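So the structure is just underneath, and the comments pick up after that.
No value in this document is a laboratory result; all are computed from the given coordinates. Given the structure is predicted, the values throughout are model-derived calculations rather than measurements. Cβ sites come from the backbone with ideal geometry, for glycine too, and all protein chains shown count toward neighbours.
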Amino acid sequence: MRVDIDRIVGKHKKEAYRNSEWIASALSRINEGLEGLEQEYVNEVQAEPERPIVLISFLPRSGSTLLYQLLAKTGNFNYISNFQSRFWRSPCIGRLIENSISPRLYSEIQLSSDFGNTKGFSSPHEFNYFWEEHLGIDGNNNSDIKTTEFTKEKQEKFRKEIIGLLSQEAKPLLFKREYLVLNLSILKNVFPDVRIINLERNFDDIISSQMKAIEKVHVNNYEGFFGTALESFVYDENMTLESNVRRQTKQLKERLDHEIEVGGFPTITVEYEKLCEDGESEISKIQNWISAI
């Protein structure tokens, strides 16, 4: 699935949250031009690096971007930066270009964001377009990987990209996107070694934050989507927007918990409230846990 220009521009969002059509078109063409070189690079990576992939499991508006930033800021994780994310069809080449300009400036990562969007070249990015094109999902209620479409050929191409990214730094590779954990029963065959950081936050606070976000960002907020929804979720026009958001979020949490439990992946739970109170201790706890496994 190719991400189209309208998706890159963000026409489903209010004007302040859209991208320039010129930039969207330029980035799309640059990515197309680098695809061949990217394939040459990942094909040359022979061995699978013995480094874990660390996934953050979270609900929308649970503080996941703060956790992502704090972990990236330590300098002890490999992750997708804002610069590298612009190369969603050629991320390994993007990282090489980034490295040729400057090493990542971890100390300059700001602990602020705007609905998951961070600032600065070195700050972490969710890498949406990469996942959407490789997995055939778009992060709204199209959140389940279709096993009939995720062919062995596509899995192998995806696996090579992940191994290529793993090879670029001798550190755990950190990702933050909720639909990765939603599909772990499928992705575990592609990801070599997975650890889960399960982020928890008071449920009512999550709903309150989502309601504010929907009002601020989305043009058609009646759809009730903020972040990911399960494909089984259907917006009920006989219910209030908040009631729909609660149903959407509850279903999402149940599925995330199920995927983690059934998969038996090493998991550590972190509370958002504690992260705000003493972030340094919580991040240290996470790093020690990863090292001990």
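Quick notes on this one:
- Counted over the chain, the DSSP beta bridges are approximately 15% antiparallel.
- Across 73/152; 157/188; 73/176, pairs whose alpha-carbon gap is larger than 26 Å: 73/152
- Modelled FRET efficiency - R0 35 Å, residue 147 with residue 288, Cβ distances, 0.05 increments: 0.40
- Relative contact order (percent, whole number), segment 5-292, Cα cutoff 8 Å, 6+ residue spacing: 25 percent
- A cut-off of 5 Å between modelled amide H atoms, ignoring neighbours fewer than 5 places along the same chain, links residue 79 with 174.
- Sequence ranges 245-258, 275-288, ranked by mean other-Cβ count within 10 angstrom, highest first: 245-258, 275-288
- Annotation: amide H of residue 57 within the under-5 Å range of 197, 198, 199, sequence separation 5 or more or interchain, hydrogens built in the peptide plane.
- In order along segment 249-265, phi translates into HN-Hα couplings of 6, 5, 4, 4, 5, 4, 5, 4, 4, 5, 4, 5, 5, 5, x, x, 6 Hz, rounded to whole numbers, per the Karplus curve 6.51 cos²θ - 1.76 cosθ + 1.60 with θ = phi - 60° and x for Gly and Pro.
- Order by protection proxy (mean Cβ within 10 Å, highest first), peptides 54-62, 194-202: 54-62, 194-202
- Shown here for segment 37-122: GluC sites (Glu not before Pro) in loop regions (DSSP other than H, G, I, E, B) with at most 16 other Cβ atoms within 10 Å, namely 50.
- Note on segment 5-292: Cα Rg divided by 2.2 N^0.38 Å, N the number of residues, gives 0.97.
- Estimated at 0.36 nm per residue, the fully extended path between residue 99 and residue 76 surpasses their Cα-Cα distance by 6.6 nm.
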